[in-house]
Each structure stands twice: as structure tokens, then as C-alpha cells.
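**Q** Sending over a structure as C-alpha cells; questions will come in a sec.
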Amino acid sequence: MNTIFACQRLSIPIDIAKIAGDTVFLQQASDATHGTYIKLEHPRGLLQYLMMGFLPDQSSRRFLVPPTAVGVDFRAACFCHRRVVDVGFVCSICLSIFCSPPEGAICLTCGTHLQLGEYGRKPAVVARKKKKKRDVGDGKGKEASSRSRLG
């Protein structure tokens, strides 16, 4: 992440040529730095892909049509298993993400004791308010029902 932030600050694009495997983090890095992300359909044409997408310098890229962008997956990967998670635990010191609380509640990256609180309990279920039932009446309308209450 520090490398990505430095590249953003210095306007250096990070270019990725995906040959195989899952590269969610590198896809995010390429998007954040306005780099090129290419998923190689035919690895035998690697040289052509590299010349097409990565050879031009940054000033020349403004005048070229870049390869079509792929939808970026912005979910995070946990530090313990490198799996993409929808919901995770985050260390408040180093911002490491974990899919489940680490053993002993100690951050695996910086060693900080994590204050987990009472996570994992079932959420409280709040009952819905009951709606008042409407008075259907006897078909005589509102006037008849109001007169019957008055006298």
C-alpha cells in the first residue's frame, strides 16, 4: 500500500499484465495509479500485449486509446489467508485486515493487542410496531360512524 500511495503522489502508473492467478490487489493498484491492467487472453502473444499497452511513456499514453478496462473488485484480502473478504476485522494501528479474529487477539502484522469487544453475539431483534386496524364500518360512511359516537 505504501508503494501505491507513493506512485499516486509521484504520478507513476502501475501497469499489470495478468498471465495467471488471482490479482485483486494488483488490479486495485493499477486502477488507483491510473495504470494499465491487461488480462492476457493468449499468453503466446505476450510481446504484442507488452508493446501495445506498456511501451508508450506516460505523456504518449494521453494520445492513445488504452486497452479496455476490466471492472475492478474493490474488496479487501485478509492478511492471514490472502482470501478476499466481504466483512473482516481491522487492526486500528496498522490497518491489517483479518477474516476472523486472530488467535489471542494479537495482530499478526504489528503485534498490537486487539480490543474485540463482544463481536460474534447475535444481534438484538427489535419487534415491529403493530399497525392499527382500520374501522371498516357498516357501509354508511364516515358521517354515520361519527354520529353514532356523539350521541
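The values are calculated or read from the model by the stated rules, or taken from the named source; none is laboratory data. Remember, it's a predicted structure, so these values are computed and weren't measured experimentally. Neighbour counts run over all protein chains shown; Cβ positions are idealised from the backbone, glycine included.
**Q** Going residue by residue through the stretch 108-119, is there one that turns out to be under 19 Å from the mean Cα position of the chain (by Cα) and modelled with pLDDT of 75 or more? Write out each step before concluding.
**A** From the stretch 108-119, those under 19 Å from the mean Cα position of the chain (by Cα) are none; that's our starting set.
Scanning the stretch 108-119, I find no residue that is under 19 Å from the mean Cα position of the chain (by Cα) and modelled with pLDDT of 75 or more, so the answer is no.
**Q** On the basis of being part of a loop (DSSP other than H, G, I, E, B) and either on the phi > 0 side of the Ramachandran plot or at pLDDT 75 or above (or both), does V65 make the cut?
**A** Spelling it out, it is not the case that V65 is part of a loop (DSSP other than H, G, I, E, B) and either on the phi > 0 side of the Ramachandran plot or at pLDDT 75 or above (or both).
**Q** Out of (1) surrounded by fewer than 17 Cβ atoms within 10 Å (Cβ to Cβ); (2) modelled with pLDDT under 75, what's the single condition that is false for G53?
**A** (1)
**Q** Would the stretch 19-38 turn up any residue that is among the hydroxyl-bearing types (S, T, Y), assigned to a loop (DSSP other than H, G, I, E, B), surrounded by 15 or more Cβ atoms within 10 Å (Cβ to Cβ) and out of contact with any helix residue (DSSP H, G or I) (no Cβ under 8 Å at 6 or more places or on another chain)?
**A** yes
**Q** Taking D73, is it among the acidic types (D, E), in a helix (DSSP H, G or I) and under 28 Å from the mean Cα position of the chain (by Cα)?
**A** No; evaluated as a whole, the condition is false for this residue.
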